[in-house]
1. Can you find a residue in the stretch 14-24 that is touching a Pro at 6+ places or on another chain (Cβ under 7 Å) and over 21 Å from residue 95 (Cβ atoms)?
2. Just wondering, is there one or more residues in the stretch 50-60 that are charged (D, E, K, R) and modelled with pLDDT of 80 or more?
3. Could you check, for the stretch 19-28, whether at least one of its residues is surrounded by 11 or more Cβ atoms within 10 Å (Cβ to Cβ) and in contact with a Ser or Thr (Cβ under 8 Å, 6 or more places away or on another chain)?
4. Quick check on this structure: which one of 22, 39 is at pLDDT below 85, under 17 Å from the mean Cα position of the chain (by Cα) and of a type in the set (A, V, I, L, M)?
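The values are calculated or read from the model by the stated rules, or taken from the named source; none is laboratory data. What you see is a predicted model, and the numbers here were worked out from it, not measured in a lab. Positions of Cβ are backbone-derived with ideal geometry, glycine not excepted, and every protein chain shown enters the neighbour counts.
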Amino acid sequence: MEAKLDENFFYNTMLTKALIQLLPPYERKATLMWFEKLLTLDKSKEEKEMRNEYLWFILLMLQCQKIREPFNSPPPEEMEPLRDVVPAKVYEEVLIANDENMEWLDKPEAQKKTVQFNQTAPPQFFSNQPTPKEGIICYIAAFSDRCI
């Protein structure tokens, strides 16, 4: 169970690393401090659950490209459950702002779109890609072993 919590946390961390780049630089600093604090919450299952809940909420805010309290200031020394830290009004605003991002959850399984990926051997990757009539297509991959 704890392995799944870690897996979920690091998956969401990768998403937040991408989305945080959309914030103005002055908003990134406090958010990055929260990430550093969340990385320390790994001693018990309860801490990991709290860490994941915080990161999930930060991810929701990043999807709206607006960081709200308390994440716009440095984290406290002692972490408390999310419900005790985030004002009810902020929680409601973030959930409403993300409502259309969650529409797919309410659809029956038959209506959900699934994406099928074809497995391609690395040497054939470029030959299977579309060729533009004008301009270029650029493929890039980035790898890092650093956490936020």
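1. No, there is no match, as no residue in the stretch 14-24 is touching a Pro at 6+ places or on another chain (Cβ under 7 Å) and over 21 Å from residue 95 (Cβ atoms).
2. Yes, the stretch 50-60 has at least one match.
3. Checked the stretch 19-28: at least one residue is surrounded by 11 or more Cβ atoms within 10 Å (Cβ to Cβ) and in contact with a Ser or Thr (Cβ under 8 Å, 6 or more places away or on another chain).
4. Answer to the selection: 22.
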